[in-house]
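The values are calculated or read from the model by the stated rules, or taken from the named source; none is laboratory data. The structure presented is a predicted model; accordingly, all values stated were derived computationally and were not measured. Here Cβ is always computed from backbone atoms with ideal geometry, including for glycine, and neighbour counts include all displayed protein chains. Accessible surface areas use protein heavy atoms only, side chains included; no ligands, DNA or RNA. Shrake-Rupley method; radii C 1.70, N 1.55, O 1.52, S 1.80 Å.
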Amino acid sequence: MKHRMFLLIGMLMCTVGLLQNALAQSTPAGELVYAMHVTLSPSWFDPAETPAQITPFGILYALHDAVVRPLPGERMGSALAESWSESPDGLTYEFKLRPGLKFHNGDPCTAEDVVFSFTRYKGVGAAEFKAKVKNIEVVDARTVRFHMHQPWPDFMTFYGTTATAAGIVVPKKYLEQVGEDGFKKHPIGMGPYKFVSHTPGIELVLEANEAYWRHPPYIKRIIMKGVPEGTTRLAMLKRGEADIAFALEGEVAEEVKRDPKLTLVDTRHASIQWLDFAEQWDPKSPWHDKRVRLAANYAIDRQAINEAACLGFCPPTAVIIPRVMDFALQTEPLPYDPQKAKQLLKEAGYPNGFDAGELAPVPPFYVMGESVVNYLNAVGIRVKMRTMERAAFYTAWKEKKLPGLSIVGAGASGNAATRVEAFIYSKGTYAYGGYPDIDALFQQQAVERDKAKREALLQRIQQLTMERVMYAPIMDFRALVGVGPRVAEHAINSLPVHPFPPLEEIRLK
């Protein structure tokens, strides 16, 4: 009897221990500080007007969730939808929502919320959706069906990746009650974290959503701080005031690499940076001459910029489609040849160079910007660097108000077609001009269901951008992230071609 009693007590103690351990693992605890490289904008709380950039998704996927989106190990996984299907003729897509989904305020998520969210979307890609989606219907409370005018092979890429935010679902009832401005002041979503507070220009406080459909986050509270200065982000990381510091470059990144207490992680996302010739469409501008644009390409030592700004992690490139994207043309850039650049300028009528005004680099990547300015000046293209606040930069880009020269960048995923649509197609949101034959190729590939034929069409577009010297591509950008000693699992790169970690997977020691 005594033996049996001791055995029973031992089994009970083991059971209690296992229950306590399971409870500890499922209950969020602790606080993590995330130092972002930008001023946090309340416009990023609402997916409706998301631009063709990746940075807003660092916040959007914290607060919200999508029907289909990138998940750990999957470029496009079923999220709020437990399943989806495409009809054999490519004209219909059907999504079945998971049962029991609820927004942070307790309201149920239904097919009506999905339709409402898609209908109000006005961000990048909205014109393509409007042109190609015939209608969207509520089949029942958990089922949504999209009907196309004609087959659109890229529908899922536009809808289910960070190419757009059209698949993110917001609560119809709540948003109609508070309005768009009220929603930005206190967003409600279904993401792994709930909104607590936002101090404009300073920080965003988030708290774990313990009812998140994947699993409860491991960390109770995450504080995102907007810290545009790289040296300040580094100092915060070294002092333990930040646990993760995003988008480090140059000597700042090198210092993280040297510190044995810190870890430097290179992200493998679909980002690229290029020198944009906005004035190439103006016959009165020097940039209208292809030889001048070609001179700028030869003037830039891309590998040296890669080493200085990106510690060698960012491979130089010749097109503005990242290598990691489907249908990307795998090419090598023009060699660094300043003498060739000077000769081309002479042939174009500028033997002594010319004054090119200002160059605005995408904030906060000023190491790269300064390098490009120096290389251009060295061959006679006299230019001065102009720094801008990040939100103002992207607004000016979209409104076609950037200076004649700018270094732009994009990190949203998708494929070559989604990038062509935003930046190369003449009607694209960020295109300052274009060519009829390229537009025709884009429209042709948009309805081509044969993958090999689509690839040939999209790669032909990329080849034409090289032949016409539409841009001076610099490098496939790999954002460098500093990770502090308190972090046990940073989860960076667990989402394919996405720079931000799924916040619910981050663990503290």
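Bin width 5 Å, origin at 0, all Cα-Cα pairs of region 269-426: what percent of pairs per bin? For region 269-426, the binned pair fractions read 2, 9, 17, 22, 21, 18, 9, 2, 0 percent. Any idea what log10 I(q)/I(0) is at q = 0.11, 0.20, 0.23 Å⁻¹ for region 75-182, Debye with uniform C-alpha scatterers and no solvent? Log-scaled intensity ratios, in q order: -0.33, -1.12, -1.44.
Computed log10 I(q)/I(0) for region 361-466 at 0.14 Å⁻¹: -0.68, from the Debye equation with unit scatterers placed on every C-alpha and solvent omitted. Over all projection directions, the Cα-based convex hull of region 139-217 averages an area of 7.8 nm². Couplings 3J(HN,Hα) of region 186-199, computed from phi: 8, x, 10, x, 10, x, x, 10, 9, 6, 10, 7, 9, 9 Hz, in residue order, whole Hz [Karplus 6.51 cos²θ - 1.76 cosθ + 1.60, θ = phi - 60°; x for Gly and Pro]. Projecting each Cα onto the charge dipole of the chain (Lys/Arg +1, Asp/Glu -1 at the beta carbon, about the Cα centre), which of Met236, Ala328, Ala396 comes out farthest on the positive side? With unit charges placed on the Cβ atoms, the residue in question is Met236. At the listed q of 0.12, 0.24, 0.26 Å⁻¹, the Debye profile of region 297-368, built from one uniform point per Cα, gives log10 I(q)/I(0) equal to -0.46, -1.17, -1.19.
Which whole number in µm²/s is D for the chain by Stokes-Einstein, with the Kirkwood Rh taken over Cα pairs at 25 °C and 0.890 mPa s?
On the way: Rh = 24.3 Å.
It diffuses with D of about 101 µm²/s by this estimate.
For the set Ser413, Ser87, solvent exposure ranked by accessible area (probe 1.4 Å, protein chains only) runs largest to smallest as Ser87, Ser413. The value for region 412-509 of Rg(Cα) / (2.2 N^0.38 Å) is 1.47. Neighbours of Asp282, meaning other residues whose beta-carbon lies under 13 angstrom from its beta-carbon, give a summed charge of +1 when Lys and Arg score +1 and Asp and Glu score -1. Tally Lys/Arg at +1 and Asp/Glu at -1 over every other residue whose Cβ is under 10 Å from the Cβ of Glu455; what's the total? Once all neighbours under 10 Å are counted, the net charge is +1.
Using the eigenvalues of the Cα gyration tensor, what equivalent ellipsoid semi-axes result for region 32-96 when each is taken as the square root of five times the eigenvalue, whole Å, largest first? The partial results should precede the final answer.
On the way: eigenvalues 168, 38, 20 Å².
Listed largest to smallest, the semi-axes of region 32-96 are 29, 14, 10 Å.
Give the distance, in whole Å, between the Cα centre of region 253-306 and the Cα centre of region 153-180. For region 253-306 versus region 153-180, the Cα centre distance is 32 Å.
Just how much of Trp152 is accessible, in Å², when a 1.4 Å probe is used and the result is rounded to the nearest 10? Roll a 1.4 Å probe over it and Trp152 shows about 10 Å².
In the structure shown, the pairs Lys185/Lys509; Lys225/Lys398; Lys122/Lys172; Lys122/Lys220 are assessed against 24 Å; a Cα-Cα span above that value is assigned to Lys185/Lys509; Lys225/Lys398; Lys122/Lys220. Amide H contacts under 5 Å for Gly404: Glu358, restricted to partners 5 or more places along the chain or on a different chain, H placed in the peptide plane at 1.01 Å from N.
Would you mind checking the tilt of helix 230-239 against the longest principal axis of the Cα atoms of the chain, expressed as 0 to 90 degrees and rounded to 10? So the helix axis and the longest Cα principal axis differ by about 30 degrees.
For Val139 and Asp437, calculate 0.36 nm times their separation in residues minus their Cα-Cα distance, and state this gained length in nm to one decimal. Walk me through the numbers on the way to the answer.
Numbers: separation 298, 0.36 × 298 = 107.28 nm, distance 4.07 nm.
Contour length minus Cα-Cα distance gives 103.2 nm.
In the chain, a dipole from Cβ-located charges (positive for Lys and Arg, negative for Asp and Glu) runs towards its positive end, and of Tyr61, Val115, Phe129 it is Tyr61 whose Cα lies farthest in that direction.
Take Phe158, Phe313 and sort them by solvent-accessible surface of the protein heavy atoms, 1.4 Å probe, largest at the top.
Values: Phe158 5, Phe313 60 Å².
Accessible-area ranking of Phe158, Phe313, largest first: Phe313, Phe158.
Within region 237-324, report the GluC sites (Glu not before Pro) that DSSP leaves as loop and that have at most 11 other Cβ atoms within 10 Å. Don't jump to the answer; show the numbers that get you there.
Working: sites: Glu241, Glu249, Glu251, Glu254, Glu255, Glu279, Glu307; in loops: Glu241, Glu249.
The qualifying sites: there are none.
Note on surface exposure: Glu389, Glu176 rank Glu176, Glu389 by accessible area, highest first, 1.4 Å probe.
Arg486 sits with roughly 110 Å² accessible to a 1.4 Å probe, with DNA, RNA and ligands left out of the calculation.
Determine the dipole magnitude for region 132-255: charges of +1 sit on the beta-carbon of Lys and Arg, -1 on that of Asp and Glu, nothing else is charged, the reference point is the Cα centre, and the result goes in debye to the nearest 20.
Numbers: 16 positive and 16 negative charges, 123 e Å.
Result for region 132-255 is approximately 600 debye, rounded to the nearest 20.
Think of each Lys and Arg Cβ as +1 and each Asp and Glu Cβ as -1; about the Cα centre, that makes the dipole of the chain roughly 560 debye.
Consider all pairwise Cα distances in region 138-283 and report the whole-number % of them above 24 Å. All intermediate terms of the calculation are to be shown ahead of the outcome.
Working: 6295 of 10585 pairs.
The share of Cα pairs beyond 24 Å in region 138-283 comes to 59 percent.
Note on region 457-509 and region 42-60: Cα centroid distance 16 Å, given to the nearest whole angstrom.
Averaging the sequence gap over all C-alpha pairs within less than 8 Å and six or more residues apart, then dividing by the number of residues, gives the chain a relative contact order of 21 percent.
To the nearest 10, the accessible area of Cys109 is 10 Å² with a 1.4 Å probe.
Think of the chain as having a plus end and a minus end, set by charges on the Cβ of Lys, Arg, Asp and Glu; of Leu508, Tyr471, Ala295, Leu508 sits farthest toward the positive end of this dipole. Using only side-chain charges placed at the Cβ, +1 for Lys and Arg and -1 for Asp and Glu, the dipole size of region 439-509 relative to its Cα centre rounds to 120 debye.
Couplings 3J(HN,Hα) of region 159-166, computed from phi: 8, x, 10, 7, 4, 9, 10, 5 Hz, in residue order, whole Hz [Karplus 6.51 cos²θ - 1.76 cosθ + 1.60, θ = phi - 60°; x for Gly and Pro]. Computed from backbone phi with θ = phi - 60° and the Karplus coefficients 6.51, -1.76 and 1.60, the 3J(HN,Hα) list for region 39-44 is 6, 6, 9, x, 5, 7 Hz; x is used for glycine and proline. Candidate cross-link partners of Lys257 among the lysines, defined by an alpha-carbon separation under 20 Å and a same-chain spacing of 8 or more, comprise Lys238.
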